Amino acid sequence: MSISVHNIGKRFGAFTALDNISLDFPQGELVALLGPSGCGKTTLLRVIAGLERPDEGKVLFDGEDASRRDVRQRQVGFVFQHYALFRHMTVFENVAFGLRVKKRHERPSNAEIERKVHELLNLVQLDWLADRYPSQLSGGQRQRIALARALAVEPKVLLLDEPFGALDAKVRKELRRWLRRLHDELHITSIFVTHDQEEALEVADRVVVMNKGHIEQIGTPNEVYSKPATQFVYGFLGSANIFHGRIQEDGLAIGDHTLPLDAHTLESEVDGDAVAYARPHDLEIIRHDPANPDQEEGGIPSKVQRILAIGTLIRVELENPANPLVPIEAELTRGQFDELKLEEGESVIVRTKNVRIFPKIDYLANRVSV
Amino acid sequence: MAGSTTMATTSTLSLHQAPGAKGGSSATTEPAFVCWLLIGSALAFLTLFLFVPLVAVFVEALRKGFGPFFAALVEPDAVSAIKLTLITAAIAVPLNLVFGVSAAWAIAKFQFRGKQFLITLIDLPFSVSPVIAGLIYVLIFGANGWFGTYLQDNDIKIIFAVPGIVLATIFVTFPFVARELIPLMEAQGSEEEEAARVLGANGFQIFWKVTLPNIKWGLIYGVILCNARAMGEFGAVSVVSGHIRGLTNTLPLHVEILYNEYNFSAAFATASLLALLALVTLGLKSIVEWRSAKLIDADAPTENIQK
């Protein structure tokens, strides 16, 4: 089933949770709603499920207006952040619940219910836990049971609210992969809410980045990461170095230095005060070489402050001439690092391979004022 | 079966408490004489003010032997007092059960205007003296009260009759069930109800299959307390009953009358019945507490069971 929402607005008192949101969720896709807490992503999910009534706007299921449809008629499967398993029922009864509460003429026979529940428990690979109570399960197991329970009523849409939020890192990673495989098997339209960018980028077909009740960007994981549409997306997805400066003819003036910008970037509408974003892996560190002064052009002279070896990546923190409090971060592969043989305290030159320029305004100012 | 469960629970509880109770570090331990002084005075206090009176009731009741004791209990006025007490509780407790559950449900699971006012109103019987509660009903339904003339004209008796006693008891026991359930239901939140709704359950199914099982022990606890108070209430009932022997006397009122007539052994015999009821109530209450403690115990996440 495809879902679309049109001009959805929702306020809680003076707080605007959703501000005129319009979105399409095509049939069979796995979409992530990504954003910081309080951005409205969970509210949007609950509006789609029918657990929350929007102040304005429409929810369409397969093109039909479902705004007035009760939760019970929407045929959605909802997985709650804290699982919301029925604590006084066994795992089996939890999964069977949706079938047992059906009206008498729709209700399957007991044998049929039993067959179906075991089939679902096998699907989530937890059939051996059928007689346990939720309190006897680990977080990851509870989450999978919650999923099996949601699937029991054969929903047309699966909605997951921070499905892995309460789990530890390792279980989370396993479950992520497992969810993706499950989705590929079942091909049910799914929407999941997360604040974890890695999760969204790894699992989803498409990512919707939200902030303060509106949508910042919609795109494939690769698009939102490599071509962030707004400063917010740039800052939220992955880490970024931020340079404040002023646009000049040849580049961005940062203090005494000029960050060279290519003609294309300069042609964009940004003018005057601007902010440049550069990913740590888009920075290049070179040494001063008297024989080859050309390559230093456009570089920012700096000093190595700290070197942190994190797995296969080496993170180098460099002195920031514009702001001594926030160091410039560069990421090198181990190979690059071994070649350079950097040492802490050494003077180097930092060059940027890829920067994005945004007008200097709103984002931070807004954040303070709201 | 039930016995073994209780045993298991007790041992778990004592295990849990052991570190706190026994293993106090030397920094928090007082010198021996201070310990003994504190424990001794606490014990003396408890004995004097709680244990001795309880024993005294039974000793006085049986002072003249078992014969007069049972005679006092099967005497017609006593029997009618017992009956009236049971009837009153049988009406007041179920009514307050229904009210308490619906009030707690509304307060814990929904947001609405006037919620704080409702909570305060539910607490009112706790803060008003029972005698005043009785007087309120006399003022409303009594011969000179607001509805007095109307009731007289239609020959409806409320004050100095059973309905008045039931009304006063309901008023006094009003908060017990609701007060017990509100914090419990608030702590449980409404996620499970929402989950049930998404899965297609209707309101009745949600309440019956999800909400009620979750509040079961808290509800039983509230009912036990409510029942104890309903049977033991004196002040409010005293004002509205009129002390008509064999008609409008409940057990506590019967005790008072006997005592005022210097019929001590009968008074204490009847009182021992109430004391016995209190002991049974406490026993039930402890069992319920064990049960719910066990549930809370089981609720603790057990992450390491996996695989």
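Computed from the coordinates by the stated procedures, all read-outs in this text should not be read as laboratory data. All values derive from a computational prediction rather than experimental measurement. Cβ: placed from backbone, ideal geometry, glycine included. Neighbour counts: every protein chain shown.
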Here, A:Lys341 and B:His243, labelled 7 Å along Cα→Cβ, have an inter-label distance in nm of 10.8
Relative contact order of chain A, pairs being alpha-carbon contacts under 8 Å that are 6 or more residues apart, as %:
16
Counting other C-beta atoms within 10 Å, and keeping those with at most 13, which DSSP coil GluC sites (Glu not before Pro) do you find in the stretch A:98-188?
A:Glu106
DSSP-assigned coil residues among trypsin sites (Lys or Arg not before Pro) in the stretch A:123-223, each with at most 14 further Cβ atoms within 10 Å
none
Residue pairs, from the table A:Lys170/A:Lys303; A:Lys58/A:Lys212; B:Lys209/B:Lys285; A:Lys116/A:Lys173, whose Cα atoms sit over 31 Å apart
A:Lys170/A:Lys303
Per-residue HN-Hα couplings for the stretch A:21-27 [Karplus 6.51, -1.76, 1.60; θ = phi - 60°; Hz; x = Gly/Pro]:
8, 10, 8, 10, 10, x, 3
Starting with the fewest neighbours, write out A:Ile357, B:Ile140, A:Ile328 ranked by other beta-carbon atoms found within 10 Å of each beta-carbon.
B:Ile140, A:Ile357, A:Ile328
Calculated from DSSP H runs of 4 or more alone, at -39500 (n - 2.57) each and per residue, what is the 222 nm mean residue ellipticity of chain B, nearest 500?
-24500 deg cm²/dmol
Give me Rg/Rg_expected for chain B, where Rg uses Cα atoms only and Rg_expected = 2.2 N^0.38 Å with N residues.
1.24
Which value at 222 nm does chain A reach when only helices count, each DSSP H run of 4 or more adding -39,500 (n - 2.57), with the total divided by all residues and rounded to the nearest 500 deg cm²/dmol?
-8000 deg cm²/dmol
Longest to shortest principal axis, alpha-carbon extents of the protein assembly as shown, angstrom
120, 73, 55
Residues with beta-carbon under 9 Å from that of B:Val172, excluding B:Val172: net charge, scoring Lys, Arg +1 and Asp, Glu -1?
0
Can you figure out the FRET efficiency of B:Leu62 with B:Val131, using R₀ = 45 Å and their beta-carbon distance, to the nearest 0.05?
0.90
Distance between the C-alpha centers of the stretch A:1-42 and the stretch B:193-245? Whole Å please.
41
For chain A, modelled as a GNM with alpha-carbon contacts under 10 angstrom, which of A:Thr312, A:Thr16, A:Thr42 fluctuates the most?
A:Thr312
Using R₀ = 60 Å, calculate the FRET efficiency as 1/(1 + (r/R₀)^6) where r is the Cβ-Cβ separation of B:Val79 and A:His105; round to 0.05.
0.65
Can you put B:Trp105, A:Trp178 in order of Cβ neighbours within 10 angstrom, beginning with the fewest?
A:Trp178, B:Trp105
Residues B:Lys115, A:Lys303 in order from fewest to most other beta-carbon atoms within 10 Å are B:Lys115, A:Lys303
